[in-house]
Amino acid sequence: MVKVIMHGCNGHMGQVISGLIAQDKDAEIVAGIDIADCRDNGYPVFTDIDSCNVDADVMIDFSSFKATDKVLDYCRTKKLPLVLCTTGLTEEQLKKVEEYSKETAILRSANMSLGVNTLMKLIRDAAKVLAAAGFDMEIVEKHHKLKCDAPSGTALALADSLNEAMDNKYHYVYDRSQVHQQREELEIGISAVRGGTIVGDHDVIFAGPDEVVTFSHRAYSKTVFGKGAVEAARYLAGKPAGLYDMQDVINS
């Protein structure tokens, strides 16, 4: 039985994960941490992370970057493995993640979906064949109208996967309306669409002479991210200090 502390337990994703683990016979949330203790979760909730003295195997954090420093400090002190799902971290926080991972296991990923991370693996293999044969590579991502950042972190992670497969020879183009010239060979175009309630759509396009190959992922609810976080927690519990990502989970 994997014992989990859920940081950000009363947020939307915290509640999604709480529901998933409640139905999981191999995992249990033994404590939650949230600035608002506004509901009965069936487990103790601490409004101050430093007050949480419950033994656990791993922490899942789905909250705000504003709380990340205290989360990292807590997990380093407790030597508690951390599944860090919070996005929008600062450069200083990213450096802190790398530094603290030398003392406790930390898993961080731009997208927690098992499907997206499998997609990253597939497109790396495709790039080695198709891009090497002269196919152009483009990414189109779509999200709801409330999303502030563009392109999405997932789109950038997909682009990085393509680029790494091709020895990082490519550069990224984000807005072609500002580039009045023919497309260059060694570029990856990234386009963002914002509208409605789209949870998250990503298309990776390989366009070659007289044929197009497209890899697509559609998220229909945020539950897919919660499922990935639970699988990551199960994987990370008991792991030695180090920096992990979802590729480690799907390859395990």
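Of note:
- Hz values of 3J(HN,Hα) by residue in the stretch 39-56 - Karplus curve (6.51, -1.76, 1.60), Gly and Pro given as x: 7, 8, 9, x, 8, x, 10, 10, 7, 10, 4, 5, 8, 7, 10, 8, 6, 8
- Rounded to the nearest 20, the Cβ-based charge dipole of the chain about its Cα centre (Lys and Arg +1, Asp and Glu -1) stands at 420 debye.
- Both radii are taken from the alpha-carbon atoms of the stretch 1-76; with Rh as the Kirkwood radius, Rg/Rh is 0.92.
- Extension gain for the segment L243 to E187, taken as residue separation times 0.36 nm less the Cα-Cα distance, is 17.2 nm to one decimal.
- Under 12 Å, Cβ to Cβ, from A155 - net charge with Lys/Arg +1 and Asp/Glu -1: -4
- When the alpha carbon gyration tensor of the chain is reduced to an equivalent ellipsoid, its three semi-axes come out at 36, 18, 17 angstrom, largest first.
- Plainly put, the stretch 52-138 has a radius of gyration that is 1.13 times its Kirkwood radius, both from alpha-carbon atoms, as the Rg/Rh ratio.
- At full extension, L122 and D73 could sit 14.1 nm farther apart than now, given 0.36 nm per residue minus the alpha carbon distance.
- Rounded if a/c under 1.5, otherwise prolate or oblate - the stretch 43-85, Cα gyration tensor axes: rounded
- Under the Karplus curve 6.51 cos²θ - 1.76 cosθ + 1.60, θ = phi - 60°, whole-Hz ³J(HN,Hα) for the stretch 173-182, x wherever Gly or Pro sits: 10, 9, 8, 6, 5, 9, 10, 9, 6, 5
- Around G195: net Lys/Arg minus Asp/Glu count, Cβ-Cβ under 14 Å: +2
- In the chain, helices alone account for a calculated mean residue ellipticity at 222 nm of -10000 deg cm²/dmol, with every DSSP H run of four or more residues adding -39,500 (n - 2.57).
- Lysine pairs meeting the criterion (Cα under 17 Å, 8 or more apart or interchain), as found in the stretch 116-249: 4
- For the chain, the carbon plus sulfur part of the accessible surface works out to 49%, probe radius 1.4 Å.
- Sorted from longest to shortest, the spans of the Cα atoms of the stretch 62-194 along the three principal axes equal 53, 33, 26 Å.
- Rounded if a/c under 1.5, otherwise prolate or oblate - the stretch 125-252, Cα gyration tensor axes: oblate
- Ordering L82, V97, I250 by the projection of their Cα atoms onto the charge dipole of the chain, which places +1 on the Cβ of Lys and Arg and -1 on the Cβ of Asp and Glu, puts L82 at the extreme positive end.
- Charge dipole magnitude, Cβ of K and R +1, D and E -1 - the stretch 26-103, Cα centre, debye nearest 20: 200
- Other residues whose C-beta falls under 15 angstrom from the C-beta of Q181 contribute a net charge of -3, scoring Lys and Arg +1 and Asp and Glu -1.
- Extension gain for V173 to T197 (0.36 nm times residue separation, less C-alpha to C-alpha distance): 6.0 nm.
- Dipole of the chain, positive direction: furthest Cα of G8, L158, V140, with charges on the beta-carbon: G8
- Taking 18 Å as the straight-line reach from the Cα of K70, the lysines in range (excluding those fewer than 8 positions away in the same chain) are K78, K79, K95, K96, K102.
- At most 11 other Cβ within 10 Å, DSSP loop - chymotrypsin sites (Phe, Trp or Tyr not before Pro), the stretch 180-252: Y220
The values are calculated or read from the model by the stated rules, or taken from the named source; none is laboratory data. The structure presented is a predicted model; accordingly, all values stated were derived computationally and were not measured. Cβ sites come from the backbone with ideal geometry, for glycine too, and all protein chains shown count toward neighbours. Remember, those area values only see protein heavy atoms, side chains included, never the ligands or the DNA or RNA. Shrake-Rupley method; radii C 1.70, N 1.55, O 1.52, S 1.80 Å.
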